[in-house]
Amino acid sequence: MAKKKKIPEKYQRWIDARKRFHLSHAHIQMARELGMNPKKFGSLANNKQEPWKLPLPDFIEKLYFKHFKKDQPDNVRSIEQMVKDYNKKKEERFNNIISALDK
C-alpha cells in the first residue's frame, strides 16, 4: 500500500493561513512572492478592530501591484500543486542517485 506523503512544514504554514484567513490560491502565491510571513498574517488582518487597515486580501493585492506592477501572478499554482511537484522532483533525484550508484 502506498504511503501518504507528509506535507513539508514550510508549505503547511501557507495552507493553514489560506484556510484561516479565507485567502485564494492567487493571494497566497502573491504573498509568497512578496516574501511575507504567514505567521504574521494575524496582525495584518486586524481590520475589524483597526478600521484604517485594509482587509488582508486587498492589502496583499495592493503590495503586489506596487512591487511587480501587475494585478496577479502570470501562472497561479496552489500550494498542493507545489507540494506535488516538490515530492515528484525529490523522488526523481532519489531515483537518479540510486541509478548512479548501481552503475
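We did not get these values from a lab; they are worked out from the coordinates using the rules stated. Everything numeric here is computed off the predicted structure, so don't read it as measured data. So basically every Cβ, Gly included, is an ideal-geometry build from the backbone, and we count neighbours across all protein chains shown.
Extending each Cα 7 Å along its Cβ direction at residue 33 and residue 86, get the distance between those two points in nm, one decimal.
Result for the modelled spin labels: 1.9 nm.
Relative to the first principal axis of the alpha-carbon coordinates of the chain, what is the inclination of helix 79-102, with its axis defined by its Cα atoms, in degrees from 0 to 90 and to the nearest 10?
20
Taking the Cα-to-Cβ direction at residue 69 and at residue 19 and moving 7 Å from each Cα, how far apart do the two end points lie in nm?
4.0
Trypsin sites (Lys or Arg not before Pro), restricted to the range 9-54: which are DSSP loop and have at most 13 other Cβ atoms within 10 Å?
Qualifying residues, ordered by number: 48.
Expressed as an acute angle from 0 to 90° and rounded to the nearest 10, what is the orientation of the C-alpha long axis of helix 56-68 relative to the principal long axis of the chain?
70
Return a single number: how many Lys pairs in the range 9-76, at a sequence separation of 8 or more or on separate chains, have alpha-carbon atoms below 14 angstrom apart.
4
Nearest 0.05, what FRET efficiency do residue 46 and residue 95 give at R0 = 41 Å with Cβ-Cβ as r?
0.30
Mind checking the range 36-103 for chymotrypsin sites (Phe, Trp or Tyr not before Pro) that DSSP puts in a loop (not H, G, I, E or B) and that have at most 11 other Cβ atoms within 10 Å?
Answer in residue order: 52.
Average the reciprocal distances over every distinct pair of alpha-carbons in the chain, invert the result, and give the Kirkwood radius in Å.
Mean inverse Cα-Cα distance, inverted, gives 15.8 Å.
Considering only 67, 17, 44, whose Cα is most displaced toward the positive end of the charge dipole of the chain, charges sitting on Cβ of Lys, Arg (+1) and Asp, Glu (-1)?
17
Using only the alpha-carbon atoms, how far is helix 9-20 inclined from the longest principal axis of the chain? Give it as 0 to 90 degrees, nearest 10.
40
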